[in-house]
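Data first, discussion second: the structure below is written as structure tokens.
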Amino acid sequence: MIKNNPIDLGPLDQLMNDPSITEIMVNGPSKIFVETRGTLKSTPLSFRSEEDLLKLFQQIAHSLGKTLDEKNPTLDGRLPDGSRVNIVIPPVAVDGPSITIRKFSPFVLSLEQLMNSGMFDERMAYFLNCCVSARINMVVSGGTGSGKTTLLNFLSSFIDPHDRVVTIEDTAELKIKIPNLVRLESRPGNLRDVTPVTIRQLVINALRMRPDRIVVGECRGSEALDMLFAMNTGHEGSMTTVHSNTARDALRRIESMVMLAGTDLPLRTIREYVSSAIQLVVNVQRGQDGKRRIVEMIEVSGMEGDVITTQEIFRFNHKEGRFTTPGFVPRFISKFQLRNIAFPPDFFSDRYKITKKAS
């Protein structure tokens with residue numbers, strides 16, 4: 001992998017070349033940690049001095065065309081191989097300069113790989129395939145490093161190759177393999193001559209590009225309002241991710257982000273937009289064992305008074321160590337029937353026989 005990075009990363013080179021390592025964290029010159037299979041561990045590697053570490057940071061900043069100094073003590077960017085990098089230096093980094101590298105994988109994990117890793121079982125994989133094919137609008141929620149982007153990449157593999165798709169991201173990480181694809185990436189501004197281009201601006205622009213689906217890598221601000229408008233106005237099958245601890249929390253977070261758009265919409269109106277635009281929320285978490293798995297999948301079924309109503313479709317039962325269902329059949333099942341997608345008997349019941357379980 002390092003062959004694609006012309007920057008000499010010093011002791012980090014060997015970590016970049018190790019395919020089992022997914023994230024690298026450097027807290028000063030003598031503390032280097034890595035994430036392997038969802039578990040953090042320290043390494044014996046180190047830089048010779050803080051000066052060497054700062055020199056590396058300046059090389060990275062120069063290669064990205066960005067400034068890193070006391071006035072601009074943080075940096076976000078992408079290495080030449082696609083890995084995401086974040087740098088923080090004093091004075092905001094109290095204990096010394098720090099760098100975090102989320103390594104880029106050129107491959108989308110296959111169905112078998114994700115099932116073997118325990119992210120979902122055979123039934124849930126089939127259901128998600130059907131949801132993408134039936135153009136269900138969905139949100140993938142979870143915490144940092146929980147597997148949101150991994151799952152979104154997997155879901156995108158079910159998109160009809162004849163669809164026109166526009167992806168919008170802060171850092172281009174999605175790997176969607178269809179012919180009619182446009183990838184958009186936001187751009188931070190600076191104090192000189194670079195005008196910022198926000199995710200919201202790109203979502204608004206995407207509506208003029210005749211997309212069948214819009215995929216937003218992560219909704220984190222006022223762009224949530226325009227994403228809801230897109231989902232409600234002919235761009236069915238659109239997807240995004242949101243930071244939240246539960247599926248219900250994801251809906252509340254989207255409400256809050258819509259308020260950031262500066263509109264004077266009443267809360268009830270915002271919730272009506274949310275309930276009509278989003279049909280499925282999938283929540284992923286990283287467990288104490290390091291495994292990333294879907295822990296909750298809910299249907300957004302409408303409104304009762306001023307409250308958004310939801311129904312649970314699947315859940316991971318931690319006590320039993322398996323995926324279960326309360327037996328609820330989603331209301332949007334009619335969309336599946338329109339596309340001649342059928343489900344076996346007892347599919348939404350724990351009586352259904354799963355031939356291949358997730359570990």
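The values are calculated or read from the model by the stated rules, or taken from the named source; none is laboratory data. Keep in mind it's a predicted model, so treat the numbers as computed, not measured. Positions of Cβ are backbone-derived with ideal geometry, glycine not excepted, and every protein chain shown enters the neighbour counts.
Quick look at the values:
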read-out: Hey, residue 300 in contact with a helix residue (DSSP H, G or I) (Cβ under 7 Å, 6 or more places away or on another chain), of a type in the set (A, V, I, L, M) and buried (at least 20 other Cβ atoms within 10 Å of the Cβ) or not; value: yes
read-out: Scan of region 226-248 for residues that are under 15 Å from residue 216 (Cβ atoms), within 14 Å of the chain's Cα centre (by Cα) and either surrounded by fewer than 17 Cβ atoms within 10 Å (Cβ to Cβ) or aromatic (Phe, Trp, Tyr) (or both), ordered by number; value: 243
read-out: Meets criteria (in contact with a helix residue (DSSP H, G or I) (Cβ under 9 Å, 6 or more places away or on another chain), in the same structural domain as residue 117 (by TED's automatic domain parsing) and either in contact (Cβ under 8 Å) with a residue 40 or more places away in the chain or under 28 Å from residue 157 (Cβ atoms) (or both)) for residue 285; value: no
read-out: Members of region 67-112 found to be exposed (fewer than 14 other Cβ atoms within 10 Å of the Cβ), among the hydroxyl-bearing types (Ser, Thr, Tyr) and touching a residue at least 12 places away in the same chain (Cβ under 8 Å), listed by number; value: 74
read-out: Some residue of region 159-178 being touching a strand residue (DSSP E or B) at 6+ places or on another chain (Cβ under 7 Å), of a type in the set (Ser, Thr, Tyr) and in a loop (DSSP other than H, G, I, E, B); value: yes
read-out: Meets criteria (modelled with pLDDT under 95 and closer than 21 Å to residue 238 by Cβ) for residue 133; value: yes
read-out: Inter-residue pairs, beta-carbon under 6 Å, first in contact (Cβ under 8 Å) with a residue 40 or more places away in the chain and assigned to a strand (DSSP E or B) and in region 35-51, second of a type in the set (D, E, K, R) and crowded, with 16+ Cβ neighbours inside 10 Å, 6+ apart; value: 35/23
read-out: Criterion (within 18 Å of residue 217 (Cβ to Cβ) and in a helix (DSSP H, G or I)) met by exactly one of 109, 152, 114; value: 152
read-out: Test: residue in region 90-104 that is at pLDDT 90 or above, more than 27 Å from residue 178 (Cβ to Cβ) and in contact with a Leu (Cβ under 6 Å, 6 or more places away or on another chain); value: yes
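Rundown of residues vs (1) crowded, with 21+ Cβ neighbours inside 10 Å; (2) within 27 Å of residue 102 (Cα to Cα), yes/no style:
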| residue | (1), (2) |
| --- | --- |
| 126 | no, no |
| 145 | no, yes |
| 158 | no, yes |
| 163 | no, no |
| 167 | yes, yes |
| 171 | no, yes |
